[in-house]
Every structure is written in structure tokens, then in C-alpha cells.
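The values are calculated or read from the model by the stated rules, or taken from the named source; none is laboratory data. Computed from a predicted model, the values in this text were never measured in an experiment. Cβ placement follows ideal geometry from the backbone for every residue including glycine, while neighbour counts extend to all protein chains displayed. Heads up: the accessible areas ignore ligands, DNA and RNA and are worked out on the full protein's heavy atoms, side chains in. Shrake-Rupley method; radii C 1.70, N 1.55, O 1.52, S 1.80 Å.
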Amino acid sequence: MGALIADQAVQEATFDVVAWARDFVPELRAAQAESDRLGRPPQHVVDKLKRAGVYALTVPRAYGGLQADISTWMRTVAELGRGDGGVAWAVTLVTACNWMAAGLYPKHVADKVFAKPGTCVAGVFSNRAVKAHRVDGGIIVDKGMWFFNSGVYQADWDLLGVPMFNAAGEPIGPGIALVPMSDVTILHDWDTTGIRGSGSSNVSMENVFIPDDHIVGLFACNEGRQPRTFPNEALYRSAFAPLMVSVLTFPVLGLGQHMVEEFLHTLPKRDIKLTPYSKQGEAAVTHLQLGQASAKIDAARTIVEKLCREIDAWAASGTYMEQIQRAALCRDSAFANQLVWEAVDLLADASGGSFSRTGNTANRIWQDVKVGTAHPFVNLASNYELYGRMLAGVEPALMPV
């Protein structure tokens with residue numbers, strides 16, 4: 001299917017934000033030590049991202065956003081990933097949650113959420129540590145904790161996984177609740193070896209009422225049954241699962257590119273100990289390593305560009321993407337991330353003893369990619385099994401998709 005063609009005004013605006021992100025890379029790199037120390041993006045970085053419209057990539061034009069297509073979204077976040085993988089991770093999750101809050105909730109709810117210019121939404125869709133019960137008009141979360149709430153420090157609202165109930169109070173499946181951050185407690189416990197600048201703290205909530213019109217069903221979102229807030233706008237008709245999975249490749253692509261750049265930057269300074277090579281760049285093994293790593297990263301980029309075009313094209317067609325295709329794009333996202341990890345790990349092995357220093361840039365990239373590719377949405381084995389199981393005709397699907 002052909003790629004979605006955006007109108008000229010949006011093309012011009014979104015091209016500018018991609019170029020801006022590219023120009024912002026040196027500043028992100030300069031601020032990374034501060035991001036690592038804080039465990040979240042520094043406020044001066046957040047302010048510049050907001051002014052540039054980065055967080056508004058997926059906000060409807062009706063609310064003052066860019067309403068970019070997914071390919072532009074990917075290119076913007078990938079550029080940011082070249083600068084700071086953690087900050088880019090927070091951006092990709094906030095923009096994904098902005099897309100959901102704007103496109104899958106009743107219009108009056110979306111109007112309220114985006115009434116404030118520059119609104120940001122974060123989210124955690126799992127409800128594994130949540131206790132709630134049904135009351136008239138909604139649910140009460142008695143007590144809940146949600147893990148790895150990326151981008152929560154920029155958020156005005158949070159999308160949190162909750163159980164759903166029928167009128168009799170019986171569980172009927174997972175839901176996603178849209179709640180103001182005033183109801184959420186940030187636990188300030190994000191302390192990891194990678195993507196530190198994402199600020200992915202755990203959060204909690206206790207004795208909070210959530211009205212029915214602020215909750216949507218996860219299965220309905222996956223299957224295309226949830227009414228769309230902007231049904232005439234292609235971006236908001238995008239298939240839910242492949243979009244939410246594919247956004248996790250965007251910062252990883254940028255990190256992979258940064259690893260190649262950093263390896264080439266430091267290459268003239270290195271030799272290969274215990275060999276005749278006083279210059280590592282003259283060794284055939286280095287050429288092979290660079291050739292293999294760059295091929296993996298280029299292949300990952302090609303895969304992600306293709307799946308972004310497919311999501312855009314299906315959305316433009318007005319037909320909801322078939323389940324087998326949704327599973328295929330989730331598989332492809334996981335595979336693309338695996339390719340980047342393999343490339344980064346290969347170049348790490350070729351980076352010499354200085355790689356072990358805590359201030360080593362290649363080491364930081366390696367840690368970021370390792371943590372980023374650990375997300376369960378892009379677990380390679382699970383996504384292979386999901387798609388293979390469907391191909392073999394085994395029901396039900398392994399995971400919601």
C-alpha cells in the first residue's frame with residue numbers, strides 16, 4: 001500500500017521538527033551527564049523540546065499540534081536518540097500516549113486534556129499491581145503501583161492500566177484509564193544503568209475515583225473496536241498494537257547510529273594490542289566489524305521505515321489493519337531492535353579496554369540499547385512465537401495484538 005501523503009503545510013512543519021532535532025543533537029550530548037545524574041531530562045532540555053513542538057508531534061492540529069505522520073515521528077525521535085537515548089525514550093513514550101489520549105477517548109475528554117497548551121501524557125498499560133472495584137459511574141482504585149512510567153516527569157496526565165468490570169462488579173478484562181497527575185504519586189525510584197534520562201519512575205495511586213468515560217478497553221483498542229475521537233484523520237485511525245510497539249524502535253535506531261559515529265570518531269586513537277596493528281582502522285578485522293555492524297543498523301532502519309509506511313498506509317485507507325499483519329509488524333519491530341543491539345554489542349567488543357570506563361560514550365550507548373531492548377513489547381522470542389502461532393493457526397493469540 002502506498003504511504004500516507006500528508007498535506008503540504010504539515011509536511012513543511014514536520015520537516016522542520018526533524019531538522020530541529022538533528023541540530024539539537026550536540027546540545028543533548030552535552031547535557032547527558034546532567035540527565036544521567038537527575039534520572040530524567042533536565043528542565044532546560046524539556047523546555048526546548050516543548051518550544052520546538054516535539055511533544056506535539058502526535059497532538060491533533062485541532063489542539064495546536066503538528067499531527068505528523070508516523071514516518072516523521074520516527075525520524076524525529078531517531079535524531080534525538082543520536083543525542084541522548086534516555087531523553088529520546090521519554091519523548092517516544094510521551095508522544096505515543098499523547099496520540100492515544102487524543103485519539104481513543106471521548107471527544108469531551110480529549111478536549112479537556114488538551115485544553116492546556118503543551119499538555120503531555122505518559123502511561124503504563126499493565127495493571128499487574130492494581131486493586132480496584134466497581135462503583136456507580138466508574139471505578140475506585142483502592143491501591144495501585146505501575147512500573148517504569150517513562151516520561152512521567154513531563155506529564156500532566158497519565159494512562160494507567162486498570163481492571164474493567166461489568167455492572168455486577170465482575171472483571172471483564174484490562175482497561176486503560178486516563179487520570180490527572182494530581183491523582184498520581186511519582187516514587188522517584190528510577191535508578192538504572194541505561195536510558196536514565198527517560199525518568200521512568202514507578203508511580204502509585206490510592207483511593208482514586210476514575211469515571212467510566214476516562215477508561216477504554218485494551219482489547220477494543222487492539223481490535224479496532226474502540227471509537228476514534230478523530231475518525232476522519234488518518235493518524236488517529238492507526239492500528240494500536242503495532243504503533244505502540246514500533247515507537248520503541250525509534251530511539252534505539254538513533255542510538256545505533258550514534259554508536260557507529262562514536263566508534264569512527266575514536267578509531268584513530270586506538271591500536272590492537274599484541275598485534276602488529278598500531279592503527280586499529282588499518283586492520284581487516286575492523287573493516288569486517290564495521291561492515292557487519294553498519295549493515296545491521298541499516299537493515300533495522302529499512303525495516304522500521306517500511307513498517308511506519310505500512311501503518312500510515314493502512315490508516316489512510318480507512319480499513320483497520322488485519323490481526324496477522326499487526327502481529328507481523330510487532331515481530332518486525334522486535335527484530336529491528338535485535339539487529340541494532342547486535343551491531344552495538346559488536347562494536348563494543350571492538351572498542352578496547354577504555355570501553356569499561358564509566359564516562360565512556362560507547363559504554364553509555366551500549367547500556368542504553370541493552371535497557372531499551374529489554375522492554376517486553378519488543379521481546380524477540382515472544383513476538384516470534386506470537387506470529388508463528390498465528391501462522392500455524394493456533395488460537396488464541398499469545399498476546400493482545
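Pick out, in residue order, every one of the GluC sites (Glu not before Pro) in segment 290-393 that is DSSP loop and has at most 14 other C-beta atoms within 10 Å; say none if there are none.
When the GluC sites (Glu not before Pro) of segment 290-393 are filtered for loop state and at most 14 Cβ neighbours within 10 Å, 322 remain.
For 278, 238, give the ranking by accessible area with the largest first, probe 1.4 Å.
278, 238
At 222 nm, what helix-only mean residue ellipticity would the chain give, in deg cm²/dmol to the nearest 500, using -39500 (n - 2.57) for each DSSP H run of four or more?
Calculated from helices alone, the mean residue ellipticity at 222 nm is -16000 deg cm²/dmol.
When only C-alpha pairs under 8 Å and at least 6 residues apart count, what is the relative contact order of segment 21-67, in percent? Mind showing how you got there, number by number?
Numbers: 25 pairs, mean separation 8.6, N = 47.
That works out to 18 percent.
Quick one: ranking 20, 89 by accessible area, 1.4 Å probe, largest first, what do you get?
20, 89
Sorted by mean Cβ packing within 10 Å, highest first, what order do the peptides 323-336, 122-135 take?
On the way: 323-336: 22.6, 122-135: 18.6.
Ranked from most to least packed, the peptides come out as 323-336, 122-135.
Calculate the radius of gyration of the Cα atoms of the chain to one decimal place, then report Dmax, the largest Cα-Cα distance, as a whole number, both in Å.
21.3, 78
Angle check, please: helix 85-103 long axis (alpha carbons) against the longest principal axis of the chain (alpha carbons), in degrees 0 to 90, nearest 10.
20 degrees
What would the Debye equation give as log₁₀ I(q)/I(0) for segment 294-364 at q = 0.19, 0.21, 0.28 Å⁻¹, counting only Cα atoms as equal point scatterers?
-0.78, -0.87, -1.15
Per-residue HN-Hα couplings for segment 37-46, Karplus 6.51 cos²θ - 1.76 cosθ + 1.60 at θ = phi - 60°, whole Hz, x for Gly and Pro?
For segment 37-46, the Karplus curve yields 5, 6, x, 5, x, x, 4, 5, 6, 4 Hz.
Please give the peptides 229-235, 344-350 ranked by average Cβ packing (other Cβ atoms within 10 Å per residue), highest first, as a rough proxy for protection. If you can, show how the numbers build up before the last one.
On the way: 229-235: 17.4, 344-350: 20.1.
Highest mean packing first, the order is 344-350, 229-235.
If I fit a long axis through the Cα atoms of helix 323-349 and take the longest principal axis of the Cα atoms of the chain, what angle between them do I get, 0 to 90°, rounded to 10?
Between the helix axis and the principal axis of the chain, the angle is about 30 degrees.
Where Lys and Arg each count +1 and Asp and Glu each count -1, what net charge lies around residue 24 among other residues with Cβ under 9 Å from its Cβ?
Around residue 24, the charge tally is -1.
Evaluate the distance, in nm, between pseudo-label points positioned 7 Å from the Cα of residue 284 and of residue 272 along their respective Cα→Cβ axes.
Each label point lies 7 Å from its Cα, and together they span 1.0 nm.
Amide H neighbours of residue 173 under 5 Å, at least 5 residues apart or on other chains, H built in the peptide plane: list them.
The list, which skips near neighbours in sequence, is 164.
What residue among 386, 369, 350 has its Cα farthest toward the positive end of the dipole of segment 289-401, where the charges are +1 on Lys, Arg and -1 on Asp, Glu, each on the Cβ?
So the residue we want is 350.
Binning at 5 Å from 0, report for segment 234-392 what percent of all alpha-carbon pair distances ends up in each bin.
Calculated over all Cα pairs of segment 234-392, the distribution is 1, 9, 17, 18, 15, 12, 9, 7, 5, 3, 2, 1, 0 percent.
Where does helix 380-391 land angle-wise versus the long Cα axis of the chain, in degrees 0 to 90, nearest 10?
It is inclined by approximately 60 degrees.
Between segment 271-332 and segment 342-361, how many Å separate their Cα centres?
Spelled out, the Cα-based centre of one part sits 19 Å from the other.
Can you give me the relative contact order of segment 321-401 as a percent, contacts being Cα pairs under 8 Å and 6 or more apart? Write out the running numbers ahead of the final one.
Details: 57 pairs, mean separation 34.0, N = 81.
Worked out over segment 321-401, it gives 42 percent.
Give me log10 I(q)/I(0) at q = 0.15 Å⁻¹ for segment 121-223, Debye formula, one equal scatterer per alpha-carbon, no solvent.
Reported log10 I(q)/I(0), two decimals: -0.57.
Can you tell me which lysines have their Cα less than 19 Å from the Cα of residue 306? Leave out same-chain residues fewer than eight positions away.
List returned: 296.
Please work out the Kirkwood hydrodynamic radius for segment 17-114, using every pair of different C-alpha atoms, and report it in angstroms with one decimal place.
It works out to 13.7 Å.
Can you find, among 148, 193, 176, the residue sitting farthest towards the positive end of the charge dipole of segment 121-223, where Lys and Arg contribute +1 and Asp and Glu -1 at Cβ?
It is 193.
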